[in-house]
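One structure below.
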Amino acid sequence: MELVLQKFCEYFEDIYADADDKFIEDNGRRIFLIYLKPIINGTGNCYIESRTRNMKRTDVIIDYKGMQFVLEMKIYHGQEYNRRGENQLLEYMDYYHLQKGYMLSFNFNKKKQTGVKQLLVGERVLVEAVV
C-alpha cells in the first residue's frame, strides 16, 4: 500500500499540481479510487465509507491478497486538523486491529512538501501521503 501511495503522489503531482482549493475531498477520493482499481482488480476489493459497528464511517477500506488496509482521506487545513485526522485513523486501526494505517492528504498550500512519510505512534505506524 505504501508503494501505491508513493506512486499516486507522483502521478497526482504531474496532473493536478496546479489545482486549487475548490477541489473537494470527494474528487480526490474518486481520483484515488480510479488509480487504485486496476491495481486491485481481480485480487481485492475496496469499500467506500463503510460503517463500523459503532456507526463511524471509514473513508476507504481495501482488501487485497488477504490483507486489509484502512485509508483516511483529508483536505489539509492546518496541523490541528491533520492531527484530528491522524487520531481518527488510529481509532479505525484499533477497531480493525491493525498495526499500520494510511492517510492521504490533499494539500493546496504553495509551500507544501509532497510525498510519503511514516509516523510511529506507540507500536503502530501511520503512513501519510501528501499531494
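The residues in the range 31-66 that are among the small types (Gly, Ala, Ser), surrounded by 12 or more Cβ atoms within 10 Å (Cβ to Cβ) and modelled with pLDDT under 90 can be counted, and the count is 1. Looking only at residues of the range 88-131 that are at pLDDT 90 or above and of a type in the set (Lys, Arg), we find that the one that is most open to solvent (accessible area, probe 1.4 Å) is Lys117.
Of the helices (runs of 4 or more DSSP H) lying entirely inside the range 1-119, those containing at least 3 residues that are in contact with a Gly (Cβ under 7 Å, 6 or more places away or on another chain) span 79-96. Residue count for the range 77-87, restricted to those that are open to solvent by less than 60 Å² (accessible area, probe 1.4 Å) and either β-branched (Val, Ile, Thr) or farther than 17 Å from Glu2 by Cβ (or both): 3. Close Cβ contacts (under 8 Å, 6 or more residues apart or on different chains) running from residues in the range 108-124 that are farther than 15 Å from Glu10 by Cα to residues that are open to solvent by 100 Å² or more (accessible area, probe 1.4 Å) comprise Phe108/Asp21; Glu123/Gln99; Arg124/Gln99.
Set side by side, the residues Gly101, Gly85 differ, and just one is out of contact with any Lys or Arg (no Cβ under 6 Å at 6 or more places or on another chain), within 27 Å of Asn54 (Cβ to Cβ) and either touching a residue at least 60 places away in the same chain (Cβ under 8 Å) or not polar (S, T, N, Q) (or both), which is Gly101.
Residues of the range 5-23 being over 12 Å from Thr114 (Cα atoms), hydrophobic (A, V, I, L, M, F, W, C) and either modelled with pLDDT of 85 or more or open to solvent by 90 Å² or more (accessible area, probe 1.4 Å) (or both), which ones? Ile15 - this is the single residue of the range 5-23 that is over 12 Å from Thr114 (Cα atoms), hydrophobic (A, V, I, L, M, F, W, C) and either modelled with pLDDT of 85 or more or open to solvent by 90 Å² or more (accessible area, probe 1.4 Å) (or both).
The values are calculated or read from the model by the stated rules, or taken from the named source; none is laboratory data. It should be emphasised that the depicted structure is a prediction, and the values quoted were computed from it without experimental measurement. All Cβ positions, even for glycine, are placed from backbone atoms using ideal geometry, and neighbour counts span all protein chains on display. These accessible areas exclude ligands, DNA and RNA; they are computed on the full protein's heavy atoms, side chains included. Shrake-Rupley method; radii C 1.70, N 1.55, O 1.52, S 1.80 Å.
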